[in-house]
Structures are given as structure tokens and as C-alpha cells.
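Report on the structure given below.
The values are calculated or read from the model by the stated rules, or taken from the named source; none is laboratory data. From a predicted model like this one, the values you see are computed outputs, not experimental measurements. Note that we place each Cβ from the backbone using ideal geometry, even for glycine, and neighbour counts take in every protein chain shown. SASA here: full protein model, heavy atoms, side chains in, ligands and nucleic acids out. Shrake-Rupley method; radii C 1.70, N 1.55, O 1.52, S 1.80 Å.
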Amino acid sequence: MNYSEAIYLIGLDLFNGERTDSALYHLITGKKTSQTIQDAHLFGLSPLFSIVPNLKRKQFDETIHHLKAQNFLILNETSKSLVTDHGKEKVRHFFAEHYFPADLDGWRYGDAGRIFWGRVSLLIQTLSNLTQNESRFFPVERDRQIQSWVKDQLIHSKSAKKTLFDQLYLEWKALFQSTDFPDDPLLIVQKFSGWNLIGLTYDQQADSLSCSPDEVYYRFINALHYSLAKIVGKKEDYPMLHHILKDLLKQDQLFTVSTAETKRLLDNGMDLIEISRKRRLKPSTIEDHILELALLDRTLEKKPFVSEELYTAISEVAARSGSKRLKVIKEAIPDADYFQIRFVLAKENGEANQWNSYYRKNLALNSSEKDKGRSSATF
Amino acid sequence: MLPTGTGKSLCFQYPSYVNNMRVIIVSPLLSLMQDQVEQIKYRGEKSVAALNSFLSYQEKKEVMYNLKNIRFLFISPEMLNVREVRQELRKVSYGLFVVDEAHCISQWGPDFRPDYLMLGKIIKELGSPVVLALTATATAQVRKDIMEKLQIQDAAQCIYSINRSNIALTVLTSDSPEEKKSELESAMETYPSPGIIYFSSKRTADELADYFSKKGFLTSSYHGDVEQDQRILIQQQFLQGQLNWIFATNAFGMGINKENVKTVIHFHMPSSVENFVQEIGRAGRDGSNAQSILLYSKGDEVIPMQLAESETPGSSQIREFYRMASARHDTNTIQQELFLSDTQMRVLLHYFNEEPSPGWENKIIEKLTSRFLAKKKKIVEMKEYVDNDSCRREMIYRAFGEVPVNQERCCDLCGLSKPAVQERPDRNAQSLGWLERLDQIFNRGGQTESK
Ligand SMILES: [Zn+2]
């Protein structure tokens, strides 16, 4: 089993036979539709959202096929994948020996993280060269928007280049030295390029950290997402890094455009049917928007959609049966319609972090064992 | 015609400044195009851009509607086939139309590109600017073909000798693939780096790069399947001297100018002397002594032979294709049902769109058969380079129709002195701890004071 396979298996295990393999593909490649966004939050898979945006469908299918061939996956009666006991055992075994990426947060930092990383890499390379009086170099980042962002920063900055460069150094160093930094800082540092030292490829890091390139990839993203959460959480300690990041974290980016419009009309006091008429969209589409909001917007009120009593009844049945299967709940509470059931599930699941609890419940290891999974890179 | 590494791009950059005119450069190597753009930017020229299918829709628009501010426009042949693009190109004037890798237009050349055949028409459409056809490798037949296809009546031909006198030529034969691997190892130990090792398969390049990297060599593989961000890092590491050996595929050029490449090794035999000469031309661009090492083990010529066969559709496939294409079947269906490779499909579609007249099948069968035979001849010629027992350089001269000239440091058959054993550089950059590495990136600590 390789690292991506183990990650996919956890994803499918959290789906619990209620979503197709395609749903996982859309989720990890970050497809921005209401359905995928709901899946991410309803099943606690938002950490994996947009984690491998360039993954080819063919490659994903081959991996899934390979997992089925080894009996790690079987199909249930609705032709959706279920992780077998054998598969679960393998995943447990795998993460007993490998580092688990508990800090992944693809939903918040997947896309923002990639741009942040492009900016930071290019800024460091540029400042490293300029402070050595070298104005000609080949940029490691070729994205034109990122290039012009870096140029703008350097033109408009009031501080001297040396000051900026020192500040960047101190902030990264402090970040890497935080006591709870989750992994080896080399995962990030080896990727930086400077005046006389170019960053390493995943393959080269794999050699140096004695693990596979795809493990390096996930652990790098994990360490990056941890860093971003830290920068956001303690922005006074990391002013420059926060400056690089802040415009990438827009609140309204969290919803799809259409959902944002539905939210606006809801806030204006319209109900589901009125919105559907006004926007000439099917009521079921508006329902999807509301479910997306239920997952992502803690302030969304339940009252317009489900009574207090019904809400409690549904959430109790769901908790008792441990199922997200709508049919089971519907049979127990015939009064509730499917939208109401999905609404309650969405609301209840919006905040839970199944990713980490999956780790604690199923892959529970004590900390010394956990450290074994980490690299033994030489310092 | 100028040998690789002798500054072909100067031939279109210089006139642009002297005559203050825009230049359009057609290039078939998409992966190289962005690198060429970066080279020119590196020199300090900002008004340069590439227009190809790698760009996002938004980026394409940005370039297309800003043409008049772009001094050097690199463009792929398939973008030239887009009508909207040609419309925009017609609105600005170009003083020079450059056809890079012009040998691709000739079906007698090893890298025939059917979409290059449109260029003659397009040049007319753009008001017939001066045409500059550049190639590092063209026999007399190919040169004649280039002029014909570009519809040029009178051309000034500048032909430089194919010979790169500072590159010494050696062939090392081995009896088995295993022996060849150890032959490669000792070559990497004795011949000076930096160097490039060419393979005909991506998999072998990957496997051996990994194998030698684990043995302590500073190597990386580099080919079309390596993601662009990783490729950029590898290029720059190579430029910086962090890597000693690049394991590349023949099909995939390096878009960077590394002047001090000392050694080019071929792990697999190239499919033609033209390709071979082009690839060894990556060595010794700074003019200092360099080497070409070709590793041969018995039966190696089978690989390019099979490749040539797989690129040529069979006559029954051609007949079926014609039937289905005439009945307007979907191209994907045709390709799947007839098991045609992408290359085969591209060639057939091209000829079909050009002249779908009755009797088409037989004409195409004849055309493709003669192309296959021509390729086979090229491979046999390359094999002659290996089997040769008088002088390897003389053989290359002959292949290009040039008169041989004797030189002191020539080839293993004429006699070469053994190179001194190289010291293996250490890998300390890859074993730095995080703080040391961070310090080095941020130019702190002792190492950086030297400059
Ligand atoms: Zn000789």
C-alpha cells in the first residue's frame, strides 16, 4: 500500500458506502459544486478537499482498481465502495509506520496555500538574489500573476530589501521552532530556492528523508497547512507571512457564487419557494444551496426549515443509529421530509472534525509510536 | 543551418533590434517554448511571450490582444491553425517569420510534423514577411524539401559544418544490458560532469536515475512526464551545479543553455545520425573539450526499429480508416476501433483533411511505406556509426554530404587518451539540517561570504 492509497481508503471509509468513488475524486481535486462541498463537510472530509488538484482521472481510477483487486474495497448493494475489514486493518498498519497528516485543511488552505507557496518561494528566491546583488536569475515560479504580485510588493514596500528578507527569515524560523510544529521542517525548507541553492524535487526529498515521494507530498502539504493555520491564528507574531496570505482568505470564497446569492435573498427574508421563483431555479437547487449554507455558515437559523422538535428527533435518531443514510432516519421519523433530514445532518456535521477523530479512533497510537513514523533525517 | 549550441536565436533577436521589427517564431517543441521565453527575459528583454495550448484561456486572450506590444512571439503550429489567432496576427506586422526546427516540415526528416505543412500558406496570409528557417540538422534533401514546402523560390542558404570539433567521439560496446549498466557507471566515474545521459524510454531513465542517485551520484531524470514545477527545479539545479548528471529522454530537449556540459552519453542508440548529432551538440558549448559516449549492446537497434513500426499504420488500418472517415465516423471511435496510436491518427487525419479523393488509400499507403523505409534507412545509418572501423567523425561528415577534415582529437578509432578518473562530488547540500539549509537560503553563515 502506498501513501495515496491509504489516504483514499480513509476517504472512502468516511463515506461509508454512501457516496461513489467519483465523489471522492471530485473532492480531492477540489471541484467547486454544491454537491462536492456538501460531501466534504457532511462526511468530515474537508481536510482532503482540493488536496491533489492536478490528479488525472485515469490515474485515480487505476489506483481504485488496484485497491479493489487486493480486496481492500468491495461494492455494496448500491454499487458504492465499502472499505473491507482487511482494508481497514491495512490502513491501521500503514499509519502505525507512517506519519499521519492530521493538520491537513484542504478546504481552507488548499487553493490559498498553493498561491501562498508560489508567492513565498518566489519572494525568497528574489530577495536572496537581490541581497547578493544578483539581478538576473531564472524564477522558480512561472505563474504570471504570482510574478507580478511579487514585483508589486518589492516596488511598493517602504522597507529595505534586507529588512524584508530578515523579517521573512525570522518569521519562518520562529514558525519552525514552535513547540507544536507537527513534522520535520525540512519538508518545507528543502523546497525553498535561494541565490546559491535551488530547492529539491519531491523525488530528491524522498531520498533525503527516506520515504516515498507521495508521502513527502502529503507531509509537505500537511506542514504547510499547519503553518497557514498558525499564521492566521497568531498574525501578530507573523506579520509578513500574514500579509502574503491575507488576501487569499476571503470569507465569501467559501460559498459557490450561486449559493452566495441564495444567502443574500434568505437574509432579505425570502423563503425557499420565493427564491426559487425569483431565480428561476428548481426548488431542489435552492435546497442544495441551503444545505451548503447549513454546513458552512454557523449563523444560519434552523427555524425557517425545520421545527425545534423535529430537529431534535432527527439528530437523536442519527446519533443513535450512527448512520447518515437518509432512508433509515426517514423510516424512524415518517413526518420528516428528506430535505429536513439532510438539513439536520448538515447542521450537525458542519463543525465536527471527523478527519482527526477518525485518526484517534481507528489509528490511535501513543505519541512515541507516532514519532516512529516520522523521518529520521539527520540534523 | 547551424549546429546546436551556436546561437541560432541570435539570428532573429539581433535583426529585430537593428530593424526595429516584431518577430514571430514558430516552434514545435511546446515544452521548450516557455524556456526560450525565460532565456530572453533573463537577458533583460521583457516584451516576449509564448502562445500555445499550455496557457489557460485567460492567458491566451491576454497575449492575443496585446500582440502589438510583443517583440518576440513564440507560437505553436496548432495555435497558428486557429482562425481567430491568425486574424489577430494579421492586424500587426511582422518583419521576420522564423521557422524553428525547420526540418520538421520535411517528411524525409526524422521528426516530421504534418501541421508544419500549413506554414507556407500562413506566411502568405501574413503578407509574406522575410522567412528565416532554422535547423541544426538537415541533409541536402531535407533542405530542398524545406524550401519547397515553405514556398520559397530564392533563398540565401547559410550552411555551417555539422562538425563540432571540440567533441571527441567514443562508442563503448557491451554484451548485455547488465554489463551496459556497469559500463555507464564507470563512464560516469571517469568522464567529467556536468553531463547529460540520453535514454529512449522514460521508465529506464527514471529507474537508472534512481539507482545511481542511491549509489551517491547527483542525478535526476528529466522528461515529459515530470511535472513542470519539478522540471524547473531540476533545470536550475543543473545550471547551479547541484546536479551532475541529467537522465533525459531523446524526445525531450533541455530548454536551457548550459555552456559547460562536458559529456553527453547515449544509453540507447538514437534513431538517426541527425538526432545523434543534435543531441551531442549539447556538450561543449563553451568551446572547451567535451565528449560523446555512445553505449551499445547487441540488438539495440531493435528499439528504434519497433518505434518506427509502431508509428506507421498498416495498410488494412489505412483502408479501414478511409472507409470510416469518409462515412464521417467520430474520430475517437475510429481511433479506438482501429487501435491507432495518437501519432498514427494525427498523420492519417492530416492527409485525409488535405486530399480525401478516391484512390486516397493507395496513395497514402505508398507515402507512409516510403516514409517507413526512409526511417529504417536512418536507423541502419546510425548502426553504421557504431559498426564503423575507420573514423566516426568521417562517417558523420559523409551522412551530411560534407567533405571530411582531419583533426587531432577525434574519435576512439583514431585514438583518444584515457580521461583521468574524476573525483566524486559530495552530496552535502542534500544532507543539511533544516536550520543550516534555512541559513544558506537566506544567505546567512559562512558559506555565502565568498562571492
Ligand atoms: Zn576519427
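Going through the range B:23-52 one residue at a time, which ones are open to solvent by less than 60 Å² (accessible area, probe 1.4 Å) and farther than 21 Å from B:TYR222 by Cβ?
B:VAL23, B:ILE24, B:ILE25, B:VAL26, B:ILE40, B:LYS41, B:GLY44, B:GLU45, B:SER47, B:VAL48, B:ALA49, B:LEU51
Could you tell me which numbered condition B:SER186 fails, if it satisfies all but one of (1) open to solvent by 40 Å² or more (accessible area, probe 1.4 Å); (2) at pLDDT 90 or above; (3) within 10 Å of chain A (Cβ to nearest Cβ)?
Only one criterion in (1) open to solvent by 40 Å² or more (accessible area, probe 1.4 Å); (2) at pLDDT 90 or above; (3) within 10 Å of chain A (Cβ to nearest Cβ) is unmet by B:SER186, namely (3).
Counting only residues that are away from the ligand (no atom under 11 Å from the Cβ) and aliphatic (A, V, I, L, M), which one in the range B:381-398 is nearest to the chain's Cα centre (by Cα)?
Applying the filter and picking the extreme gives B:MET382.
Among the residues of the range A:167-194, count how many are open to solvent by 40 Å² or more (accessible area, probe 1.4 Å) and within 12 Å of another protein chain (Cβ to nearest Cβ).
So the answer is 5.
From the list A:GLU97, A:GLU141, A:GLU134, exactly one residue is surrounded by fewer than 16 Cβ atoms within 10 Å (Cβ to Cβ) and at the interface with chain B (Cβ under 10 Å from one of its Cβ atoms). Which is it?
Just a single option satisfies the conditions, and that option is A:GLU134.
Could you grab me the full set of residues in the range B:207-249 that are among the acidic types (Asp, Glu) and either more than 9 Å from chain A (Cβ to nearest Cβ) or under 22 Å from the mean Cα position of the chain (by Cα) (or both)?
Result: B:GLU207, B:ASP225, B:GLU227, B:ASP229.
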